[in-house]
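One structure is given below, encoded as structure tokens.
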Protein chains: 2
Amino acid sequence: MVVDQKPRDLTDEEIDRIFGALADSTRRDILRQSMLREQSVSELAKNYAMSFAAVQKHVAVLERALLVTKERRGREQIVHSNPAALRRAARLLDAYEELWRDRIRRIEAILDETPPRTGHDQGT
Amino acid sequence: MVVDQKPRDLTDEEIDRIFGALADSTRRDILRQSMLREQSVSELAKNYAMSFAAVQKHVAVLERALLVTKERRGREQIVHSNPAALRRAARLLDAYEELWRDRIRRIEAILDETPPRTGHDQGT
DNA sequence: CTAACATGCAACCAAATGGTTGTAGATCAG
DNA sequence: CTGATCTACAACCATTTGGTTGCATGTTAG
């Protein structure tokens, strides 16, 4: 099978592009639309009150972030969503949360240390 | 208890701010640092090859995104991470993935329909 | 009190972003 | 072939972003 491959770690630039792409509601909607149904760029463009060129640019941003891919079909360009990239972003956020849980665990560990004595050594 | 409250849905602007804040590696690192240990802005600033004011701005961006909060302690400002906001972002991404799974389910449902006949009508 | 420190904030600048219009090339319908 | 459609891309513009420096203010240490 081709699925279940472990992907290499994302670079900082790749992560920048992913979150940057997600930081715009039009692009999030385009992503949502192409998750629901694969559509051409012009079909997608009909949903938004902006020029075709603007939508084209938004799709390009999503593409550079690897959140979607395009496939030419005749004169149309079909936008495919890439759920794997999205999942990796979600897992990335989970990892940050995990750091926080680590800290809590460390704090609890310190609190659990029954302090045996209050360090009263002799100096020299 | 105060935990386990169901938060209201995030607005588009809030989501913009969250992903926008995450789309910069310095800010992601600041977030990581403050997850590991609560630090003042100037302590955080020492880690980066940029001015204090620049770091201050990055922290402000994280704050506007509700990813961190600041608490004044004497002359210092302590940066607290907010894991809940991060978790909500992660769950948001999961929701997009789920849309895709819905589509797959719909496709499978169609394929499972045993096609009873191969539409061979008479034309005129 | 005074000096050092931590912060807040304004002004400024270059580059990136998000939109526009216009032009041109490919492809499909008739 | 001709016209309509879909896409690509360039040029342009306003706004935002990510950085800087400089200055003012509050706080702590001596």
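A few remarks follow.
- Peptide A:13-21 - average C-beta neighbours from other chains (10 Å radius): 4
- Where labels lie 7 Å past Cα in the beta-carbon direction, separation of A:Glu98 and B:Glu76 in nm: 2.9
- Across the copies of the chain, A:Arg91 has label points (7 Å from Cα along Cα→Cβ) spaced 2.2 nm apart, shortest distance listed first.
- Projected label points at A:Met50 and B:Ser51, each 7 Å from Cα along the beta carbon direction, are separated by 3.2 nanometres.
- Sites A:Ser42 and A:Ile110, calculated FRET efficiency, Cβ-Cβ separation with R0 41 Å, nearest 0.05: 0.10
- With the gyration tensor restricted to C-alpha atoms of the protein assembly as shown, the semi-axes of the equivalent ellipsoid amount to 46, 22, 16 Å, longest first.
- Amide H contacts under 5 Å for A:Ile78: A:Glu71, A:Arg72, A:Arg73, restricted to partners 5 or more places along the chain or on a different chain, H placed in the peptide plane at 1.01 Å from N.
- Karplus-derived 3J(HN,Hα) values for the range B:66-76, using 6.51 cos²θ - 1.76 cosθ + 1.60 with θ = phi - 60°, are 6, 7, 9, 10, 10, 9, 6, 9, x, 8, 9 Hz; glycine and proline are entered as x.
- Stretch in chain B that is longest and holds no trypsin sites (Lys or Arg not before Pro) that DSSP places in a loop and that have at most 14 other beta carbons within 10 Å: B:76-116
- GNM result for chain B, Cα springs below 10 Å: residue of B:Thr11, B:Thr26, B:Thr69 fluctuating most strongly: B:Thr11
- Among B:Ser42, B:Ser34, B:Ser25: highest mean-square fluctuation, GNM of chain B, C-alpha pairs under 10 Å: B:Ser25
- Fluctuation leader among A:Ala21, A:Ala65, A:Ala49 - chain A, Gaussian network, Cα springs under 10 angstrom: A:Ala49
Since every read-out is calculated from the coordinates, none of them should be taken as a lab result. These numbers come from a predicted model, not from an experiment. Don't worry about glycine lacking a Cβ; one is built from the backbone with ideal geometry, like all the others, and counts go over all protein chains shown.
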